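Notes follow once the structure below has been shown.
The values are calculated or read from the model by the stated rules, or taken from the named source; none is laboratory data. All of these numbers come straight from a predicted model, not from anything done at the bench. With ideal geometry, Cβ positions are generated from the backbone for all residues, glycine too; neighbour counts draw on all protein chains shown. The protein model used for the area step is the full one, side chains on, heavy atoms only, and it has no ligands, DNA or RNA in it. Shrake-Rupley method; radii C 1.70, N 1.55, O 1.52, S 1.80 Å.
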Amino acid sequence: MKIQITIVGLGQIGASIGLALGEHPELVKRVGSDHDGNTVKQANKINAIDETALRLPSAVSKSDVVLLAIPVDQMRLMMEIVAPEMKAGAVLMDTAPIKAKIADWAAELLPKGCDYIGLTPVIAPQYLLSDESGISAAHADLFQEGLIGIASPPGTDSTAIKLAADIVRLVGAAPLFSDLVENDGL
């Protein structure tokens, strides 16, 4: 079954996830959004996304997964924008370094029937010392043979957790399951 994932934030992490998922077009449709129009153009140019979200609410309403790959200080505002548009059964994921506070916001903002899962990606060692940043630092193998932490609040639907683990595997990493607070402590 093909899913639609809307990636909000097309910097190094978001574009790298898009590039890695691009190797599985039969499974994933990638829709991208970024506040910087030049970044969106570059994401299209390097094939990190299949489609640009010209109207974010419309893209979100059709998505099975909404992935926020944005700085933590922008997270709550973006959640306020996307949460009301999410369809029943959709999963909100993020790549921010903290999880417990974001899970609290998700509990407050997400519509009934939607779940939150936090992802904590670990960059492959060969890229750790790179001085590139933003979309120019995006690589399809950025997470290859690494780990991505998966943290979710108690009561999260098991289907949503499996979906997160499947996405982690599709980008070339192994899932590492943790508690929200444990994740924050790491």
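Distance from the Cα centroid of region 150-178 to that of region 35-53 is 26 Å (rounded to whole angstrom).
Ligands, DNA and RNA left out, the accessible area of region 15-66 computed with a 1.4 Å probe is 49% carbon and sulfur. Accessible surface for region 47-101, divided over its residues, is 44 Å² per residue with a 1.4 Å probe.
The shape of region 39-129 comes out oblate: with a ≥ b ≥ c from the C-alpha gyration tensor, a/c is at least 1.5 while a/b does not beat b/c. Taking the Cα centre of the chain as origin and assigning +1 to Lys and Arg Cβ atoms and -1 to Asp and Glu Cβ atoms, the resulting dipole is close to 500 debye.
For region 123-173, what is the Kirkwood estimate of the hydrodynamic radius, computed as the reciprocal of the mean inverse distance between distinct Cα atoms, to one decimal in Å?
Across region 123-173, the inverse of the average 1/r is 12.5 Å.
Is the shape of the chain best called rounded, prolate or oblate, per the rule: a/c under 1.5 gives rounded, else a/b larger than b/c gives prolate, else oblate, with a ≥ b ≥ c the square roots of the Cα gyration tensor eigenvalues? Rounded, because the longest to shortest axis ratio a/c is under 1.5.
In the structure shown, do any of Lys45/Lys112; Lys2/Lys41; Lys45/Lys162; Lys87/Lys162; Lys41/Lys87 have a Cα-Cα gap over 29 Å, and if so which? Checking Cα-Cα distances, Lys45/Lys112; Lys45/Lys162 exceed 29 Å.
Once you have the alpha carbon radius of gyration of region 26-89, what is it after dividing by 2.2 N^0.38 Å, with N set to its residue count?
Its radius of gyration relative to the 2.2 N^0.38 Å reference: 1.12.
Accessible surface calculations at 1.4 Å, restricted to protein heavy atoms, place region 111-159 at 54 Å² per residue.
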